[in-house]
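First up is the structure itself, then whatever we jot down about it.
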Amino acid sequence: MGVPFTLLRWSTMVAPSIACMYALNIASIRVAACDSTLSEERDSLLLRLLFLVISLIVALFPFVELERRVEENNVAFLIVTIILLMIFIIQSIYLMIQTHAHQIVGPLPPVEPYSATGSSSPSPNRNEKDLTKTATSSSTLPMKDKVVVITGANAGIGKETARQLAQLGASKVYMACRSAGRAEKAIQDLLNTKPTPSPSSPLRPDQFQFLPCDLSDFSSVREAVNILRKDYKEGKIPNEGIDCLILNAGVMMKDKVITKDGCELMMQANVLGHFLLTRLLLKEEFFNPSPSHRHRRVLHLSSCMHRMACKDGEWDVDDLQCLKIDEKTGKDRYSFFHHYGRTKLGNLFFAKELGRRFPTVTSVAIHPGMVKTDVTNNAPYIIRTTANLFSFMATGFQKTAEQGAWGTVYAAIAPSVANASTDTTATIKKSHTKNIKDEEENSKFLLSNGSYIQNCRVKETHPLTESTEDARIFWEKCEELVDLKTKIQVDESVV
């Protein structure tokens, strides 16, 4: 009997250790990726470390007595001890599940602030399926009769966002993509998706439409706006126009590539193309940001990696294309991760400056988290190979595309300062529950212009992003790079 109990003893020690190491690894990855800070991870790590210490103390001490009782064949003592040890193993598994749910998927925000206002917004305290269930059981869906444009909607987070918003009632989702074939395949996949929550609410073919748009080609962006204008004139877009523009598309390139417009590809596809698309749409009647159309929203997919570009010497608004040659190295500043970070910082500057110049538009940036998508397809060989070899392990450290879309969907339907009346905002702030302890906590769920959303909550960004001067200079530099000669009239009092 000694050998089985020795194995059980080691199992008892290993399980809590694995739970603690799993939490430590996730915290290390998040901190290294600028997705979190040590102070934010501290409580979670201390709790698991305390459990590890307690479990080891409790597990080790009975074994001396256990070995003696085994010889005496005290069955009752053995059963109690085994049950105690199994509890440690089960608790370790629970902690690992909790770590993944809270640190990777993220804490789901409370439902009460929105349901209390009479809003039909789905409960942000549940997962996406519950959100849809809540919404579809309501007489009015939160996206009912609304029109959405999503760039890069043929795969990953964009595709999932299209599906979830369509299920929440969007009458038309324009899927702005480069490839017609990939877009049509994505649409077919969406239509073949098992309806949530029941077969009575299937997605319809007329809810999706392919919109040709190559962000790395400014002429293609302009043509996409022409198509939307034509659809509006033909009545395919209702009089209210487009309600939500989601700037989702993004690429990561291992080598610097110059587009036919003379811009560096990553900066153009991730930032400049979106900048041009948004500015051109703001000129159109169907996306006019006038006070009578306060429901317009522009959602920018950013990333925690914007912090990489905030380090000393990384951000140079006069060298967005990485053309300057470093005197020490004799090379330009282009690098795979750092330049991607610059584009994500650009997304944040764009979101904040857009909200400042057009206060009636809700402009919000979203960090979807660590999501398993195809964005690294153009990464260096070593990174792609490593990712493929350890993909089974990476699953435990990443969100699914479905979970990655929750933040965008939340930003599309949550109450915003620009949209909410004084009474509505006051009602939201008074809706304190056990999940919302005070007004400061409650404010994390009310969108305001320039907000940065992570795990469906408003989070702080690097202090550099708060510089209105840097944002203004970046905006003007983008206008110069996209050759936007026709300036849009804006409220001079806020510029």
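Values quoted throughout were computed directly from the atomic coordinates according to the rules given, and no laboratory measurement underlies them. Predicted model only: the values in this text are computed from it and were never measured. Cβ coordinates were reconstructed from backbone atoms using ideal geometry, including for glycine residues, and neighbour counts include every protein chain displayed.
Given R0 = 30 Å, the distance between the Cβ atoms of residue 316 and residue 284 translates into a calculated FRET efficiency of 0.35.
A simple spin-label model places pseudo-atoms 7 Å from Cα toward Cβ; at residue 91 and residue 39 they are separated by 3.0 nm.
Each of 400, 151, 140 was scored by other Cβ atoms within 10 Å of its Cβ. Arranged with the fewest first, they read 140, 400, 151. Fewest neighbouring Cβ atoms within 10 Å first, the residues 452, 340 line up as 452, 340.
Of 92, 39, the sequence from fewest to most neighbouring Cβ atoms within 10 angstrom is 39, 92.
Extension gain for residue 466-residue 98 works out to 129.1 nm (0.36 nm per residue, less the C-alpha to C-alpha distance).
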